[in-house]
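Please read the structure below before turning to the comments.
Computed from the coordinates by the stated procedures, all read-outs in this text should not be read as laboratory data. In this text, all values refer to a predicted model and were calculated from it rather than measured experimentally. With ideal geometry, Cβ positions are generated from the backbone for all residues, glycine too; neighbour counts draw on all protein chains shown.
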Amino acid sequence: MKDLIVFGAGDLGKHIVYNIDMFEVEYNILGFMDEDANKVGWELCGLPILGIDYLQSNKAENLCMVIAISSPSAKEAISKKLELYNIEFPNFISPHCWLSKGVKLGQGILIYPNSTVDFETEIGDFVTINAGCTIGHNVTIGRFSTIAPGVNLAGFTELGEKVNMGIGCCSIQKIKVGNSSIIGGQAMLIKDIESGKTVAGVPAKIIK
C-alpha cells in the first residue's frame, strides 16, 4: 500500500481524509502537509501536520500526494515546489460520478460525487470539479482550475488555466474563458471572457 500525504490542512483537506472511502482508494495516510508554519506540528483529524521540509529529510519513494487546495494560483505554486521530489499525484474520482468514454485526464484531479463529464472532454492537471457539476462534450478545462458545486458547462466550452468558477455558474456552447479568470456564483456566460477578468451576473458582465 502506498503512502499518501494530503497537502492542505484546511476544509478541503479534511474532506479528503473524512471521505477517503468515497473515492474507493487504499492508501496509508501519513498526515497533512502545509506551508503555514502556525499549523505545522499540530494535528488535524488525528493526523500530524507536516512542513514541506519533511520531503527533504525523508525519501519520497512510493509517496503519493493530493493537493487539497481550492485556490488555482496556490495549486500552481505548490505543484512547482513539489517538482523537486519524486511524488505521484493520483486522481481522486468518486465512483458516484459519470465519466464518458473518450475523456482525457491529467494528474492530480479531484472529481466529487454526482458530477458528469461527457465524451472528448479534456481535464488538465490539478483540476477540481466539485459535487453536482455537468461538464458537456468536447469541453477543455485548463490546469489548476477549480469548478465549484453545481456548475454547468455546455459543449465545446474552453477554460484556460487557473480559472475559478463559482457555485452554480454556467455557459452556453463554445464559450472561451481566459487564464486566471474568476466567474461569480450563478453567472451565465454568453460571451467569451478575457484572461484575468472577474465576471458576475446574468448575463455575466465584467466587474473587475
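Between Ser73 and Gln186, how many nm apart are label points set 7 Å from Cα along the C-beta direction? Result for the modelled spin labels: 2.7 nm.
For segment 91-194, rounded, prolate or oblate, judged on the Cα gyration tensor with a ≥ b ≥ c (square roots of eigenvalues), a/c < 1.5 rounded, else prolate if a/b > b/c? Judged from the Cα gyration tensor, segment 91-194 comes out rounded (a/c under 1.5).
A helix-only calculation puts the chain at -3000 deg cm²/dmol for mean residue ellipticity at 222 nm, using -39500 (n - 2.57) for each DSSP H run of at least four residues, averaged over all residues.
With 0.36 nm allotted per residue and the present C-alpha distance subtracted, the Glu83-Ser195 stretch has 37.7 nm of extension available.
Based on the Kirkwood approach, the hydrodynamic radius assigned to segment 1-109 is 14.5 Å, with every pair of different Cα atoms included.
Annotation: extensible slack from Val25 through Lys174 equals 50.1 nm (criterion: 0.36 nm per residue apart, minus Cα-Cα distance). In units of the compact-protein estimate 2.2 N^0.38 Å, the chain shows a Cα radius of gyration of 1.03. Taking the DSSP beta bridges with both ends in the chain, the antiparallel portion is around 10 percent. Here the peptides 42-54, 116-128, 182-194 are ranked by packing, the mean other Cβ count within 10 Å, and the order with the highest first is 116-128, 182-194, 42-54. Over all projection directions, the Cα-based convex hull of segment 68-143 averages an area of 4.9 nm². Its relative contact order, with pairs defined as Cα atoms under 8 Å and 6+ residues apart, puts the chain at 11 percent.
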